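Read the structure below first, then the notes.
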Amino acid sequence: MTKVSMTVNGVAVSGDVEGRTLLSGFLRDHLNLTGTHIGCDTAQCGACVVHVNGEAVKSCNMLALEADGADVGTIEGQAAEDGTLSAIQQAFQDHHGLQCGFCTPGMVMSTAALLKENPRPTEGEIRKYLEGNLCRCTGYHNIVKAIMAASGQDVSSIAAE
Amino acid sequence: MPKDSGIGASSKRREDVRFLTGAGNYTDDINVHGQAYVHFLRSDIAHGRISNIDTSAAEGMPGVVKIFTGKDFEGVGGMPCGWEITDRHGAPMQEPPHPILAQGKVRHVGDPIAAVVADSLEQARDAAEAIEVDIEELPAVMDMKAAAQDGATLIHDDLKNNICYDWHLGEEDNDKVNEVFANAAHVTTLDLINNRLVANPMEPRVAVAEYSRGTEDYTLYTTSQNPHVIRLLMCAFVLGLPEHKVRVVAPDVGGGFGTKIFHYAEEAFCTFAAKACNRPLKWTASRSEAFMSDAQGRDHVSTVELALDADNNFTGLRTNTYANLGAYLSTFSSSVPTWLHGTLMAGNYKTPVIQVNVKAMFTNTVPVDAYRGAGRPEATYQLERVIDKAARELGVDPIALRRQNFITQFPYDTPVALTYDTGDYNGTMDKLEAAADLAGFAARRAESEANGKLRGLGVNCYIEACGIAPSNIVGMLGARAGLYDAATVRVNATGSISVMVGAHSHGQGHETAFPQVVADMIGIDESMVEIVHGDTSKIPFGMGTYGSRSLAVCGSAMVKATEKIIDKAKKIAAHLLEASEADIELKDGQFSVAGTDKSVAWGDVTLTAYVPHNFPLEVEPGLEETAFYDPANFTFPAGAYACEVEVDPETGQVTIEAFTAADDFGNIVNPMIVDGQVHGGIGQGIGQALLENCAYDENGQLLSASFMDYAMPRADDLPFYGVDHSSQTPCTHNPLGVKGCGEAGAIGSPPAVVNAVLDALNAGGKAVDHIDMPMSPSRVWAAMNG
């Protein structure tokens, strides 16, 4: 066991982990931050996306020890302290951008990273950016629409919500 | 104006807040103090005889609590099949045992051989690697037609062959069918494969089980679409446990699509072993494990023949299908190629003579069962593909050929056992033609051609039998379960309402849509109504969510129970208002006496029900009612879909340029949610048509066992969809007039995509009759250059 320390959603945390413990496992099992989901074992689905030092990272693809000293953000830290949803979260609700909710934390975290680097992405840029995030429920229609809306674009001409 | 609340409003989903903030409670989020972890050692051989299992080295490894093999389950029941099919000769299907852990033989890659329980998951995995298993490998039975031959290697030694059943529906007289085809002016024949798929809900399956020696109670948390079904099957058929001592909870479930209907061995194992180990146990499937243990979908090989007269009227349809059931019978597997498939072969058309023949086969593959649509996509695909081929052969417009043969009078008795209650197929096609701007297709094709691309338009119809199902009918057809549902409406003293429902929401938005109905009936705010689901200790005995049944069946039970509530509340209101019950009207949450200004509010009546000081003596206190609802018939959602593709003639790459759906779902409670259900179904249907394929090699090795190998549709594979739900013929036999919308997209879309690609190729001068799904660039290119 090795001690690992990091900041998660602004709070300093630490724990003893095995060398093979993944960041996703540390978040879920040690910190009980179960909003980060595990949907695959090949780093394909993106349900586990978190932010590490401001970058979107698949937390199943990183050892907890690699995040030692890092500033980590998870889905639990996206809403305001009083519970008000972020603009991205609110757009997902407004435009029915989620159904079962399992891929949703990763989608929200990826979207936040996308909009940071490209504040007004086109439909094509959004679809391309989401290649690392799988959703089985929505057919992506309302996810793409929600992201366009979250970035301040008029989505009224896009078919039904 | 769209409504802003109640039935017909696109109310935002209340469940979204917890899902968007990481506060969902999925099964893998549940941890029980003191839990140990389960890891299954699974066969990496498709077919073989187990000669020895040596667990001695593994048992001494750190953290190991106990190791189980098939020996520990001798005398314990196996996994049951919930539907007995009677074959064409009147004999019951062959029904082999399906043990919790392999007994004597392994029959597919992924078949569980042993299970290790250890203090940590890592220790359980490490110990499993130290188990020595000797397997005498046998030839893998993979090809369905070869498996049906006399002398084929037997998968189940005690069965007479590998055929589960040889079944038929419709016209029994072969001579009569032959005569129809002999007299036809034109016959179109098509061989096609409905490719095997993996449902792949994003949440893998999980089971957490605990047992209390103090109370002798079991609790199983599991990723299920129907917790009561799991409890019944596990208690009555597998473990022999008293139902009242077993609580099954399906909390937030991350998608199902059918594959979480079934009772799985891992659930029974964890429940059994939690007692044996006296420890809470947790098992979480990895995605690779899901690929080799979740029931898979489709996998039909068919020949379909359509007979037409000289005026292009359909005169006969004959299909012969080999349906792959995999190595064992999953819970509802036997019903999929039969009653959920053969019965839909009339489609939207008045074909007078139909004969359906199905041989259901055992093979050394993962069991196959219901996946979104379940039999109905396979029927729709055959029918809508052969019609399109016939139109091309005859040189007629494929839409006109369909319209000419549409059923237009309702109710309509099909030759394959169903009675369609209502529909308007021409009206729905009109909606499609407008919504998809089919009039503008020629111009769009010209533009594509100018860019060096081939453009194609594919159109098809579908019908499905949903609202599953009338118990008396399915009982006659072999179902070993009733298919009613149930709801309890509990009104609290202050007027808020908890509705306990048998349906389970795993993405469908019941927590939002169901309260819209109850609130609308009473005239109160939706926020005063809450749905409770997924916990057998809280809800009445309902059958869960599948077959697009939740609102049509459970919703109907909820309406019936709410009607009982309103009836009783009117009695109380009449007493308070000193009026006759017959004169009491309920509107906007106020009970009033007709023709007067006397009224009492909903909240005052509910408070009186629980503080019954001034109360009618003949009425019981309280305000809580339960209703069970058994549907009188199936519901029949129907629609017409259009797909436009571009094909790159250099590479065979297909891109979806437009996809439009016109569906008739009857009445709609929440249009936003219904549209979302259709989007998701279309996404899966396009996935089947272009990308997805569950592939095995000839030795039974699963080649597509991860998201690296199985091509799930990604955002940039799919377009925005157009959906039109304004064609509405309400269901005639349930109180809401609803039909169900969950599966339509997946049923209606694959033939549209294939028809579109073939239209593009033929328009480009390539005479191609058929390409099997998934239409990968290499397959399309080969067809163009073959």
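Rounded to the nearest whole Å³, what is the per residue volume of the convex hull around the Cα atoms of region A:43-161?
So the per-residue hull volume is 103 Å³.
Distance cut-off 30 Å, Cα to Cα: go down the list B:3/B:564; B:105/B:260; A:145/B:453; B:105/B:282; A:116/B:12; A:58/B:3 and report the pairs above it.
Too far apart for the 30 Å limit: A:58/B:3.
Could you work out how much longer the chain between residue B:450 and residue B:434 gets when fully extended? Use 0.36 nm per residue separation minus the Cα distance between them, nm to one decimal.
3.2 nm
Let a ≥ b ≥ c be the square roots of the eigenvalues of the Cα gyration tensor of region B:5-60; is it rounded (a/c under 1.5), or, if not, prolate (a/b larger than b/c) or oblate?
oblate
Subtracting the Cα-Cα distance from 0.36 nm times the residue separation, let me have the gained length for residue A:131 to residue A:2 in nm, one decimal.
Additional length available on full extension: 43.0 nm.
Mind checking the mean number of beta-carbon atoms from other chains within 10 Å of the Cβ atoms in B:672-683?
6
Which whole number gives the average, over all residues in A:144-152, of C-beta atoms from other chains lying within 10 Å of the residue C-beta?
That average works out to 1.
In region B:678-786, what GluC sites (Glu not before Pro) fall in a loop by DSSP, with at most 14 other Cβ atoms inside 10 Å?
B:698
Between residue A:82 and residue B:601, what FRET efficiency comes out of the Förster formula 1/(1 + (r/R0)^6) with R0 = 35 Å and r the beta carbon distance, rounded to 0.05?
0.60
Is the C-alpha gyration tensor of the protein assembly as shown telling us rounded, prolate or oblate? Criteria: a/c under 1.5 is rounded; beyond that, a/b larger than b/c is prolate, otherwise oblate.
Cα axes put the protein assembly as shown in the rounded bin.
State the answer as a single residue: which of A:40, B:715, B:330 lies farthest towards the positive end of the charge dipole of the protein assembly as shown, with beta carbon charges of +1 for Lys and Arg and -1 for Asp and Glu, about the Cα centre.
Farthest towards the positive pole: B:330.
Using r as the Cβ-Cβ distance of residue A:53 and residue B:493, and R0 as 45 Å, what FRET efficiency do you calculate, to the nearest 0.05?
Plugging the Cβ-Cβ distance into 1/(1 + (r/R0)^6) gives 0.25.
Suppose each label sits 7 Å from its Cα in the direction of the beta carbon; what would the residue B:312-residue B:145 distance come out to in nanometres?
3.2 nm
Before rounding to the nearest 500, sum -39500 (n - 2.57) across all DSSP H runs of length at least 4 in the protein assembly as shown and divide by the residue total; then give [θ] at 222 nm in deg cm²/dmol.
For the protein assembly as shown, the value works out to -8000 deg cm²/dmol.
Among the trypsin sites (Lys or Arg not before Pro) within region B:169-264, which fall in a DSSP loop and have no more than 16 other Cβ atoms within 10 Å of their own Cβ?
Passing both the DSSP loop test and the Cβ count: B:213.
Where does the charge balance sit around residue B:87 when Lys and Arg score +1, Asp and Glu -1, over other residues with C-beta under 14 Å from its C-beta?
Cβ neighbours under 14 Å give a net charge of -1.
Express in whole angstrom the spacing between the alpha-carbon centres of region B:121-167 and region B:418-457.
That distance is 46 Å.
Shielding by partners for B:198-209, please: the mean number of other protein chain Cβ atoms within 10 Å of each residue's Cβ.
4
Determine, for each peptide in B:444-451, B:641-648, B:714-721, B:297-304, the mean count of other beta carbons within 10 angstrom over its residues, then list the peptides with the highest first.
Ranked by mean Cβ neighbours within 10 Å, highest first: B:641-648, B:297-304, B:714-721, B:444-451.
Where the centre of each part is set by its Cα atoms, how far does region B:254-298 sit from region A:12-61, in angstrom?
Answer, in whole Å: 23.
Which FRET efficiency value, to the nearest 0.05, is calculated for residue B:76 and residue B:476 with the Förster distance at 51 angstrom and r the Cβ-Cβ distance?
The calculated FRET efficiency here is 0.95.
State, to one decimal in nm, how far the label point of residue B:66 lies from the label point of residue B:153, with both points 7 Å from Cα in the Cβ direction.
Using points 7 Å along Cα→Cβ, the separation is 3.5 nm.
Which length gain, in nm to one decimal place, applies between residue B:303 and residue B:419 when the Cα-Cα distance is subtracted from 0.36 nm times their residue separation?
So the chain would gain 39.2 nm between residue B:303 and residue B:419.
At 7 Å along Cα-to-Cβ for each site, give me the label-to-label distance between residue B:172 and residue B:408 in nm.
Simple spin-label model gives 3.5 nm for this pair.
Rounded, prolate or oblate: which fits chain B when a ≥ b ≥ c are the square roots of the eigenvalues of the alpha-carbon gyration tensor, with rounded for a/c under 1.5 and prolate only if a/b beats b/c?
Oblate.
Given Cβ point charges of +1 (Lys, Arg) and -1 (Asp, Glu) and nothing else, what value in debye, to the nearest 20, does the dipole of region A:2-77 about its Cα centre take?
80 debye
Kirkwood hydrodynamic radius, region A:1-59, all distinct C-alpha pairs: what's the number in Å?
Hydrodynamic radius (Kirkwood, Cα only) of region A:1-59 equals 12.0 Å.
Just name one of B:653, A:139, B:617: the one whose Cα is farthest towards the positive end of the charge dipole of the protein assembly as shown (beta-carbon charges, Lys/Arg +1, Asp/Glu -1).
Highest projection toward the positive end goes to B:617.
Quick note: the coordinates plus some simple rules give every number you see, no bench work behind them. Everything numeric in this text was worked out from a predicted model, so none of it was measured. Neighbour counts run over all protein chains shown; Cβ positions are idealised from the backbone, glycine included.
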